[in-house]
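Just below is one structure, and these are the notes that go with it.
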Amino acid sequence: MKINNNFSRIKESYLFAEVAQRTSAFAKEHPDAKIIKMGIGDVTLPLCPAVIDAMHKAVSEMGVKETFKGYGEYRGYDFLCDSIAGYYKSFGVDIEREEVFVSEGAKSDLGNILDLFDNDNTVLVTDPVYPVYVDTNLMAGRNVIYAAATEENDFLPLPDNSVDADIIYLCSPNNPTGAAYTRDQLKLWIDYARARGAVILLDAAYEAFITDPAVPHTAYEVEGAKECVIEICSLSKTAGFTGTRCGYTIVPKQLKLGQDLNKLWLRRQSTKFNGVSYIIQCGANAVFTPEGQRQIKESIAYYQENSRILMEALDACGIKYFGGKNSPYIWLKCPDGMGSWEFFDMLLERANVVGTPGEGFGENGKGYLRLTSFSTHESTREAMERIKALLKK
Ligand code: PLP
């Protein structure tokens with residue numbers, strides 16, 4: 001028996017452990033300090049009533065012989081695939097029921113989708129990056145190359161024709177930078193991918209936070225996308241499903257890169273996946289009803305108000321930042337040339353506020369810090385008042 005040695009290529013995921021360690025050491029030394037965590041990447045508001053009602057109803061159905069459900073469809077129940085297709089229709093995009101694959105969340109599918117691709121492919125990710133794209137490919141033994149996301153390109157790298165990539169990960173709106181590609185920018189990536197026969201894996205986990213009309217909610221709004229884009233979506237941040245687990249992946253029938261990827265993915269799913277539970281799919285379906293949409297938008301508006309509070313305070317301090325407008329993340333430049341960890345320590349020790357050091361997301365994250373809008377209004381206001389008191393010039 002031989003272990004998969006590719007695991008030795010993966011760096012220890014030390015970022016959040018180090019944040020937790022420094023925070024608890026400080027708390028131990030300063031038991032009276034009221035620490036506010038502004039680095040959290042999880043939602044804090046509960047599931048909306050429409051989702052809860054639908055799940056309660058589904059639980060009751062499972063206890064009655066006539067409505068009990070055993071194994072479901074590998075792709076997901078038709079009712080949910082149709083609702084998701086309807087959601088795409090609201091952006092003027094036609095997606096067929098058979099192109100929708102319900103998942104237990106985006107993270108699983110971001111890794112699982114790689115079953116479709118040979119290991120002898122070059123993978124391009126942006127730097128800074130959501131680490132899952134890198135680690136899943138390193139585990140499989142693929143070569144990973146980086147496109148620098150920097151202040152100069154507004155953290156939105158565009159394709160470089162001198163670089164050969166086969167699998168391209170784009171995250172828009174982006175974690176950690178909060179930057180989001182416009183239709184025109186996405187078109188450049190789509191043209192690049194089509195010219196090479198490459199595939200784009202578009203992580204749209206934060207799609208629901210988009211406010212800018214130039215930023216598309218789905219890549220399929222852009223011409224040619226169905227020939228090269230697999231879109232991976234999540235209800236985690238959209239509707240508070242981080243603990244409940246549900247997402248969906250779109251594999252268009254037009255995606256024929258040597259083989260019919262829609263068919264291959266169905267084959268893969270029917271071999272390795274037995275679907276998301278009926279109860280969860282009923283809850284997910286409620287998200288796409290008019291009442292569900294109204295309710296989830298209320299929660300998103302709550303987080304967006306936090307972003308506004310964050311941005312207003314950073315403006316008052318003269319701190320440069322990115323994101324916040326189309327995403328729950330604010331990517332700020334550490335003041336006075338400070339390093340990520342140096343500024344992290346300063347905020348922890350002098351404002352008792354915890355952020356996430358940008359360098360944990362890649363080389364180009366050095367000198368940046370990520371704040372999120374997932375806290376309460378009260379904590380966000382309090383944290384920003386403290387930061388203002390510390391930094392206002
Ligand atoms: N993609 C990005 C960019 C994320 O930031 C996250 C979670 O933080 C995920 C995917 C994971 O989503 P899910 O909860 O659906 O697995």
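Just one residue in the set 201, 138 is in contact with a Phe, Trp or Tyr (Cβ under 7 Å, 6 or more places away or on another chain) and crowded, with 16+ Cβ neighbours inside 10 Å; that residue is 201. Every listed requirement among (1) within 16 Å of the ligand (Cβ to nearest atom); (2) not in a loop (DSSP other than H, G, I, E, B) is met by residue 45 save one, (2).
Exactly one residue out of 337, 362 is under 18 Å from the mean Cα position of the chain (by Cα) and not assigned by TED's automatic domain parsing to the domain that holds residue 157, and it is 362. Filtering segment 345-372 to residues that are buried (at least 24 other Cβ atoms within 10 Å of the Cβ) and in a loop (DSSP other than H, G, I, E, B) leaves only 355. Criterion applied to 59, 64, 129 was being in a loop (DSSP other than H, G, I, E, B) and more than 16 Å from the ligand (Cβ to nearest atom), and the one residue passing it is 64. Are any of the residues in segment 67-77 under 30 Å from residue 295 (Cβ atoms), among the small types (Gly, Ala, Ser), assigned by TED's automatic domain parsing to the domain that holds residue 247 and not in a loop (DSSP other than H, G, I, E, B)? Checking segment 67-77: not a single residue is under 30 Å from residue 295 (Cβ atoms), among the small types (Gly, Ala, Ser), assigned by TED's automatic domain parsing to the domain that holds residue 247 and not in a loop (DSSP other than H, G, I, E, B).
The residues listed here are 202, 170; of these, the one that is within 12 Å of the ligand (Cβ to nearest atom), free of Cβ contacts under 8 Å to residues at least 40 places away in the same chain and under 20 Å from residue 144 (Cα atoms) is 202. Filtered by the rule that a residue be touching a Ser or Thr at 6+ places or on another chain (Cβ under 8 Å), more than 19 Å from residue 29 (Cβ to Cβ) and of a type in the set (A, V, I, L, M, F, W, C), segment 341-370 gives a lone residue, 369. Restricting segment 232-282 to residues that are assigned to a strand (DSSP E or B) and away from the ligand (no atom under 12 Å from the Cβ), the residue that is nearest to residue 59 (Cα to Cα) is 250.
Hey, among the residues in segment 17-72 that are free of Cβ contacts under 8 Å to residues at least 60 places away in the same chain and touching a helix residue (DSSP H, G or I) at 6+ places or on another chain (Cβ under 7 Å), which one's surrounded by the fewest Cβ atoms within 10 Å (Cβ to Cβ)? So, considering only residues that are free of Cβ contacts under 8 Å to residues at least 60 places away in the same chain and touching a helix residue (DSSP H, G or I) at 6+ places or on another chain (Cβ under 7 Å), the one surrounded by the fewest Cβ atoms within 10 Å (Cβ to Cβ) is 68. Annotation: of all residues in segment 85-126 being assigned to a helix (DSSP H, G or I), crowded, with 19+ Cβ neighbours inside 10 Å and hydrophobic (A, V, I, L, M, F, W, C), the one that is nearest to the ligand (Cβ to nearest atom) is 106.
The values are calculated or read from the model by the stated rules, or taken from the named source; none is laboratory data. Only a predicted model underlies this, so the values are computations on that prediction, with no experimental measurement involved. Neighbour counts run over all protein chains shown; Cβ positions are idealised from the backbone, glycine included.
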